[in-house]
Structure formats: structure tokens, C-alpha cells
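What follows is a short report on a single structure.
The values are calculated or read from the model by the stated rules, or taken from the named source; none is laboratory data. Keep in mind the model is a prediction, meaning the values are calculated, not measured. All Cβ positions, glycine included, derive from the backbone under ideal geometry; neighbour counts span all protein chains shown. We work out accessible area using only protein heavy atoms, side chains counted, and drop any ligands, DNA or RNA first. Shrake-Rupley method; radii C 1.70, N 1.55, O 1.52, S 1.80 Å.
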Amino acid sequence: MNVIVYSTHRFEKDIFIAQNQNKHQLKFLDLQLNAETAYLAKDADAVCIFVNDDASAATLEKLQANGVQYIVLRSAGYNNVDLKKANELGIKAARVPAYSPYAVAEHTVALMLALNRKVIRANARVHDLNFSLEGLTGFDMNGKTAGVIGTGQIGQVVIKILNGFGCNILAYDKFENAALQQQYNITYTDLDTLYNKSDIITLHAPLTDETRYMINRASIEKMKDGVMLINTSRGALVNTKDVINGLKTGKIGYLGLDVYEEESKLFFQDHSEDILQDDVISRLLSFKNVLITSHQAFLTDTALNNIAETTIYNLDCWQKNNASPNEINSES
Ligand code: NAD
């Protein structure tokens, strides 16, 4: 198959080439897919996209007009693809449902620990030969209550790790997992109770109409004073302006983000020479108790190899006129 790989990062290109074993003709672009760049896929069979590529209706129409029949996502989340439209246009899509929940879960916990123990500030101080400990007091994770929203693959690994720390775990999911409940002695509860009782809240639900802005002024008001909020799922689970208000009042004591609702204009690119135009992230960056990484939770060697392997497998299935088990549609 002829495949245009959009949003290619240098760190993944060689891994893709190795996994492909010359089976498909891969053309790597560093541009994002959107309605303006869809023409670059002219005469390709498939496009390969990542989390900030835009496969909304207008883009899909252009892809179809250019002969594209397949979309392979190098991600688990697929909120950036209009699957209903893809279905109407006869374009098939497949994702990588699981590449390493450990990668994302471990990064989630890294954010928690770095915020709690002020690792970034402490390191900057020491490099400045300031060995003072003032302002660096953290808290024991042991005995604290952690609220986990979404107990799928990633949420489960987060629960396992936090269980090892000795946290009490409250969980919320649309579908409760009885085995998980038993294994780690977690308590499934309603969202209001989770907000009300958790010292740490971590988000692992997908972005859907239901979850968009689930963290907003009303839900923040229900949280404990000084709560730690972590989002490694999708930016728009959180109303960022409401979170900024929560930080200003001290209601939110710590914020760890690997995702941001306007990330597609910033993340994965070097803007160090530019004038920052996004006033919201600019305000977030002014808080000492905010830690932001640019959507790197997935970024381990294990995950990259698994992503490339499954993506090539999805293409192989279609080339052999078989369905891929990783296909997604508007019912997914
Ligand atoms: P998963 O499908 O295994 O788990 C998601 C869980 O959320 C499921 O248990 C589901 O029942 C639950 N859920 C669905 N709707 C819900 C709702 N309205 N309220 C509460 N729970 C709900 O997915 P996963 O592999 O654990 O990934 C979770 C999310 O993490 C993905 O959707 C993706 O957005 C994000 N992610 C981020 C990165 C990163 O690098 N930062 C990498 C991979 C995935």
C-alpha cells in the first residue's frame, strides 16, 4: 500500500521503517493532516495519523476525493476522527488499541511524584547552588485517597501502582470492573463522592461528548481544598479556564498535565523562538504548582515499537482484503 505518514517525529521514523520490512511504501511528512494538507495524500491508499491530526469531515472528504481508502491511527484515542463521516465515505479506520498502558500510567505517577516532592523546583535550585529546603515540603502518598476516573487499561495500571504506595483508591467508570475491585480493594463510587473525598484525582476516561469538560467550575467546587489534579488523557476533559480559577483560589493545589485542549497548535513543535500567542497556557505556566509535559506519556521504546508493529499489521490486514480486529467505527 502507498501510505502517507503525517506528523512524523524523528524518534519514530526508523522504528516504522524497521517494522515495515519494505511491505508498504511509506512516505513520511512532518506536517499535520488537516483539510489544507489532505491534498498531499493524492493517490495514496492510506494515511497514517497521530493524536493532533485533524480527520474531521472536511478533511475526510478531501482524502476520499484523492483516493484514500484507509486511515491508520498511531494512537489508542480516536476523538480526532469523524467516524460517522468516514463510514459514509467508505473510508476504513483502525487504531492501536493497546501499546503500553504502563508507559502512560508510569508517566502519570511521575507527574504526581514530581509535583508532590517538587522535584523540578528542587533540581533548579540545586543547580543554582541554592541548597535550601524551604517551600519543598511534600506529603506521604501512603494513606492518601486517590480518585481514578476511568478504570480501563491505563487506569488499572495507575491503580496497581498507587495501591503499591498504600493509597486508598476511589474509582469511577461507566462500567465497573468487579475483578479489579477485588484485586486492589478499590471502591467504585459516584463522581461527586470521588471529587469530595480525593486528595489526588487522575483522569483516564476517553474524550467523548459525555466527558468533555467534566472538570469544570461545578466539579472543582466539590473537590478538597488543595487537591492534586492530573490529566494524561485528553485536554478537553478539563475546562482549562475553570482550572486556572481553581489554581488562583488555591482550591487546586497541584496540576499535572500531559494534554491540553489547544495542544494541536503547540505540542510536538519547537516554539522556543516564537512569541507565545496562547494566553491560557501562558497563565498556566506562571504557576509554580503546575507541571506540563507535551503529550509524552506514551513515549517509551516499548510503546513506540508496539505502535509501529500494530499499525503495519492493520495495513497488512487490509492489503490482504481482511478486516483488522483494530478497526473502529461510529459504534466503537
Ligand atoms: P480504555 O478504553 O482501556 O479505558 C477507558 C475507560 O474509560 C473504560 O473503562 C471506559 O469504560 C471508561 N469510560 C468511558 N466513558 C466514560 C465516562 N463517561 N466516565 C467514566 N469513564 C468512562 O482506554 P485506555 O487505554 O485506558 O486510555 C484512556 C485514555 O488515555 C484514552 O482514551 C486516551 O485519550 C488517553 N491516552 C493518552 C496517552 C498519552 O500519551 N497522554 C496515551 C494513550 C492514551
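Looking across the range 184-230 at every residue that is touching an Asp or Glu at 6+ places or on another chain (Cβ under 7 Å) and open to solvent by 60 Å² or more (accessible area, probe 1.4 Å), the one that is nearest to the ligand (Cβ to nearest atom) is identified as Lys222.
To keep it simple, each residue is scored yes or no on (1) outside any helix (DSSP H, G or I); (2) in the same structural domain as Ile252 (by TED's automatic domain parsing); (3) of a type in the set (Asp, Glu); (4) over 24 Å from the mean Cα position of the chain (by Cα).
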site	(1), (2), (3), (4)
Glu134	yes, yes, yes, yes
Asn142	yes, yes, no, yes
Ala146	yes, yes, no, no
Ile161	no, yes, no, no
Gly164	no, yes, no, no
Leu170	yes, yes, no, no
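Looking across the range 293-313 at every residue that is small (Gly, Ala, Ser) and assigned to a helix (DSSP H, G or I), the one that is farthest from the ligand (Cβ to nearest atom) is identified as Ala308.
Among the acidic types (Asp, Glu), surrounded by fewer than 17 Cβ atoms within 10 Å (Cβ to Cβ), modelled with pLDDT of 95 or more and more than 21 Å from Cys317 (Cα to Cα) - does that describe any residue in the range 35-50? So far as the range 35-50 goes, yes, one or more of its residues are among the acidic types (Asp, Glu), surrounded by fewer than 17 Cβ atoms within 10 Å (Cβ to Cβ), modelled with pLDDT of 95 or more and more than 21 Å from Cys317 (Cα to Cα).
The condition (being among the β-branched types (Val, Ile, Thr) and within 24 Å of the chain's Cα centre (by Cα)) is satisfied by just one residue among Thr232, Thr187: Thr232. Val243 satisfies every condition listed in (1) open to solvent by less than 10 Å² (accessible area, probe 1.4 Å); (2) in contact with a Ser or Thr (Cβ under 9 Å, 6 or more places away or on another chain) except (2).
Scanning the range 101-125 for residues that are open to solvent by 10 Å² or more (accessible area, probe 1.4 Å), within 11 Å of the ligand (Cβ to nearest atom) and within 12 Å of Gly256 (Cβ to Cβ) returns a single hit, His107. Would you check if Ile307 is over 13 Å from Ala94 (Cα atoms), hydrophobic (A, V, I, L, M, F, W, C) and in contact with an Asp or Glu (Cβ under 9 Å, 6 or more places away or on another chain)? Considered against the rule, which asks whether it is over 13 Å from Ala94 (Cα atoms), hydrophobic (A, V, I, L, M, F, W, C) and in contact with an Asp or Glu (Cβ under 9 Å, 6 or more places away or on another chain), Ile307 comes out as no. When the range 311-331 is filtered for residues that are among the hydroxyl-bearing types (Ser, Thr, Tyr), surrounded by fewer than 18 Cβ atoms within 10 Å (Cβ to Cβ) and under 22 Å from Ala103 (Cβ atoms), only Tyr313 remains.
Contact annotation: residue pairs with Cβ atoms under 7 Å, 6 or more positions apart or on different chains, pairing a residue in the range 154-175 that is farther than 14 Å from Thr187 by Cα and touching a residue at least 12 places away in the same chain (Cβ under 8 Å) with a partner that is outside any helix (DSSP H, G or I) and within 13 Å of the ligand (Cβ to nearest atom), are Ile154/His204; Val158/Val148; Val158/Thr202; Val158/His204.
Among the residues of the range 297-310, the ones that are under 17 Å from Arg10 (Cβ atoms) and surrounded by 15 or more Cβ atoms within 10 Å (Cβ to Cβ) come to 8 in all. For the range 139-152, does any single residue satisfy the condition of being open to solvent by 70 Å² or more (accessible area, probe 1.4 Å) and among the basic types (Lys, Arg)? No: zero hits. Of the numbered criteria (1) more than 17 Å from the chain's Cα centre (by Cα); (2) open to solvent by less than 50 Å² (accessible area, probe 1.4 Å), the one Thr293 fails is (1).
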